[in-house]
Amino acid sequence: MDQRTLTGLRRDKVWLDSQAGDVGAFRTLVGQKTNPADWPFAIGVEKNVLIYDGSRVRELAGEPDARLELMAEWVDAFSTGPGVIVIKNAIADLSVVDRATEVFNAIIKAEKEGGKAAADHFAKPGANDRIWNSLQKHALTDPDNFARYFASEAIAMASEAWLGRGYQMTAQMNRVNPGGKAQVPHRDYHLGFMSPQQMQAYPGHIHAVSPLLTLQGAVAHCDMPVESGPTLFLPYSQSFFEGYLAFGRPEFQAVFAEHHVQLPLSKGDAVFFNPALMHGAGNNVSDDIWRMANLLQVSSAFGRAMESINRDAMSKAVYPTLLAARTSGSMTSAQIANAIAATAEGYAFPTNLDSDPPVGGLAPKTQSTMMAEALQAGMEPDAFAALVETQAAKRHA
Ligand SMILES: [Fe+2]
């Protein structure tokens with residue numbers, strides 16, 4: 001192989017093109033059938049999705065070997081299997097779910113009265129009610145109910161299976177009201193929250209690792225017949241390497257429209273799925289079902305740096321130097337961008353989505369973008385320092 005071919009092939013492998021991914025290969029991948037014999041702990045397979053029984057999960061949770069075996073089965077289900085499991089009765093005591101529902105309804109009411117209409121990712125405003133950070137709000141409103149809810153073995157074991165110990169729980173309550181429209185089918189956090197252009201700034205191995213950094217789940221807070229629009233899934237789609245870039249394209253959306261599955265859920269059931277699985281909430285065509293689910297987004301402990309850094313203080317300290325360098329021309333704009341990358345926070349998350357909502361996309365503005373824009377506009381250091389403080393306050397939960 002000549003050197004030019006080698007460098008070109010390598011570049012294409014690492015820096016994915018916006019047109020990456022072959023729809024024929026995708027169709028074959030999602031054409032797989034789930035064979036019940038491969039999944040001994042499952043109580044059944046419905047529409048290619050594995051079904052588990054929560055009471056059996058609770059029994060196995062107390063048996064060290066069986067617990068590991070069940071979690072190992074789930075790891076294969078999320079990675080090479082259908083990518084999605086349903087655990088019936090994941091929360092055994094439905095009065096715990098009902099009390100949490102009351103807490104969430106009260107929070108929705110209070111937030112509406114406070115004039116807050118939460119912006120939602122992937123759905124039109126008004127179709128649903130969203131509580132960002134329902135985890136913290138739930139814990140602070142009713143700590144006893146919160147503790148009983150998250151005492152669930154099913155939630156803990158699914159999280160630990162995919163992410164290992166030290167996982168970081170987050171939750172967002174979503175209530176899709178009668179008449180609520182379907183979401184655009186998508187992948188989830190991290191890369192799933194970026195525009196194709198942003199995703200292309202991440203090398204191929206990060207496209208492979210993104211699904212390993214989170215687990216997506218949902219607890220049903222009411223019975224959800226199909227007409228209420230429970231989530232639509234495309235089993236096996238999580239294995240499609242180029243999916244983050246490809247799934248927004250019409251030919252991939254068409255495969256989803258043709259092959260997706262949708263399962264009714266009962267109150268207390270939980271669904272867990274690989275965040276790279278193509279999915280989206282369905283249309284709520286019922287007259288009277290306020291379809292409430294508590295969405296669980298569990299993150300790996302590994303999505304963190306070793307040291308805590310005060311980037312607010314660093315940004316304020318370094319800004320005057322960069323402003324002077326820009327004015328005098330002693331640094332090029334590329335060099336200034338490099339210095340910003342080492343100084344300011346370059347990622348929009350974690351944040352408080354109530355006070356720091358997404359702008360013009362799925363993610364709020366980052367500190368590094370803010371710093372670059374301030375320099376561009378020639379903002380005075382004092383004004384920039386104030387901006388950093390305002391922004392820091394908004395991100396705090
Ligand atoms: Fe999603």
Checklist entry - Is it true that Ala37 is in contact (Cβ under 8 Å) with a residue 40 or more places away in the chain and of a type outside the set (Val, Ile, Thr)? => result no
Item to check | Any chance Arg187 is among the basic types (Lys, Arg), within 16 Å of the ligand (Cβ to nearest atom) and at pLDDT 95 or above | outcome: yes
Checklist entry - Taking only pairs six or more apart or across chains, which ones have beta-carbon atoms under 9 Å, a first residue in the range 1-24 that is part of a helix (DSSP H, G or I), and a second residue that is modelled with pLDDT under 90 and open to solvent by 100 Å² or more (accessible area, probe 1.4 Å)? => result Leu9/Met1
Next on the checklist: So, restricting to helices (runs of 4 or more DSSP H) that lie completely within the range 127-188, which ones have at least 1 residues that are touching a residue at least 24 places away in the same chain (Cβ under 8 Å) and under 20 Å from Phe233 (Cα atoms)?
Outcome noted: 153-163
Checklist outcome for this item: Scanning the range 266-285 for residues that are more than 16 Å from the ligand (Cβ to nearest atom) and open to solvent by 10 Å² or more (accessible area, probe 1.4 Å) gives Ser266, Lys267, Val285
Checklist entry - Taking the stated definitions as given, is Ala385 touching a His at 6+ places or on another chain (Cβ under 9 Å), touching a residue at least 60 places away in the same chain (Cβ under 8 Å) and open to solvent by less than 40 Å² (accessible area, probe 1.4 Å)? => result no
Checklist entry - Is there a residue being away from the ligand (no atom under 16 Å from the Cβ) and over 26 Å from the mean Cα position of the chain (by Cα) anywhere in the range 290-309? => result no
Next on the checklist: Can you list residue pairs whose Cβ atoms sit under 8 Å apart, with the first residue in the range 300-317 being open to solvent by 80 Å² or more (accessible area, probe 1.4 Å) and the second being not hydroxyl-bearing (Ser, Thr, Tyr)? Count only pairs 6 or more apart in sequence or on different chains.
Outcome noted: Phe302/Leu213
Item to check | When residues of the range 224-239 are limited to those that are within 26 Å of Tyr202 (Cβ to Cβ) and away from the ligand (no atom under 16 Å from the Cβ), the one most open to solvent (accessible area, probe 1.4 Å) | outcome: Ser239
Next on the checklist: Would you confirm whether or not the range 51-72 contains a residue that is in contact with a Ser or Thr (Cβ under 7 Å, 6 or more places away or on another chain), farther than 28 Å from Arg175 by Cβ and assigned by TED's automatic domain parsing to the domain that holds Met173?
Outcome noted: no
Checklist entry - Going by the structure shown, is Ala42 in contact with a strand residue (DSSP E or B) (Cβ under 9 Å, 6 or more places away or on another chain) and part of a loop (DSSP other than H, G, I, E, B)? => result yes
Checklist entry - Is there a residue in the range 68-89 that is more than 22 Å from Leu263 (Cα to Cα), open to solvent by 70 Å² or more (accessible area, probe 1.4 Å) and of a type outside the set (A, V, I, L, M, F, W, C)? => result yes
Item to check | Candidates Ile85, Ile91, filtered to the one that is part of a loop (DSSP other than H, G, I, E, B), at pLDDT 95 or above and either in contact with a Pro (Cβ under 9 Å, 6 or more places away or on another chain) or not small (Gly, Ala, Ser) (or both) | outcome: Ile91
Checklist entry - Is it the case that some residue within the range 308-320 is within 19 Å of Met173 (Cβ to Cβ), among the aromatic types (Phe, Trp, Tyr) and either in contact with a strand residue (DSSP E or B) (Cβ under 6 Å, 6 or more places away or on another chain) or in the same structural domain as Pro381 (by TED's automatic domain parsing) (or both)? => result no
Next on the checklist: Consider the range 207-223. How many of its residues are more than 16 Å from the ligand (Cβ to nearest atom), surrounded by 16 or more Cβ atoms within 10 Å (Cβ to Cβ) and more than 19 Å from Met278 (Cβ to Cβ)?
Outcome noted: 2
Next on the checklist: Given the criteria within 16 Å of the ligand (Cβ to nearest atom) and either open to solvent by 30 Å² or more (accessible area, probe 1.4 Å) or touching a Cys at 6+ places or on another chain (Cβ under 7 Å) (or both), does Thr170 qualify?
Outcome noted: yes
Next on the checklist: I'd like the full set of residues that are of a type in the set (S, T, N, Q) and either in contact with a Lys or Arg (Cβ under 8 Å, 6 or more places away or on another chain) or crowded, with 16+ Cβ neighbours inside 10 Å (or both), limited to the range 330-368.
Outcome noted: Ser333, Thr343, Thr351, Asn352, Ser355, Thr366, Gln367, Ser368
Next on the checklist: Checking the structure you have, find out if any residue of the range 134-154 is within 16 Å of the ligand (Cβ to nearest atom) and open to solvent by less than 40 Å² (accessible area, probe 1.4 Å).
Outcome noted: yes
Checklist entry - When you scan the range 228-281 for strands (runs of 3 or more DSSP E) that lie fully inside it, which ones turn up with 1 or more residues that are out of contact with any His (no Cβ under 6 Å at 6 or more places or on another chain) and touching a residue at least 60 places away in the same chain (Cβ under 8 Å)? => result 270-273, 278-280
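The values are calculated or read from the model by the stated rules, or taken from the named source; none is laboratory data. In this text the structure is predicted, and so the values were computed from the model without any measurement. In this analysis, Cβ positions are derived from the backbone assuming ideal geometry, glycine residues included, and neighbour counts consider all displayed protein chains. Note: areas computed on protein heavy atoms with side chains; ligands, DNA, RNA excluded. Shrake-Rupley method; radii C 1.70, N 1.55, O 1.52, S 1.80 Å.
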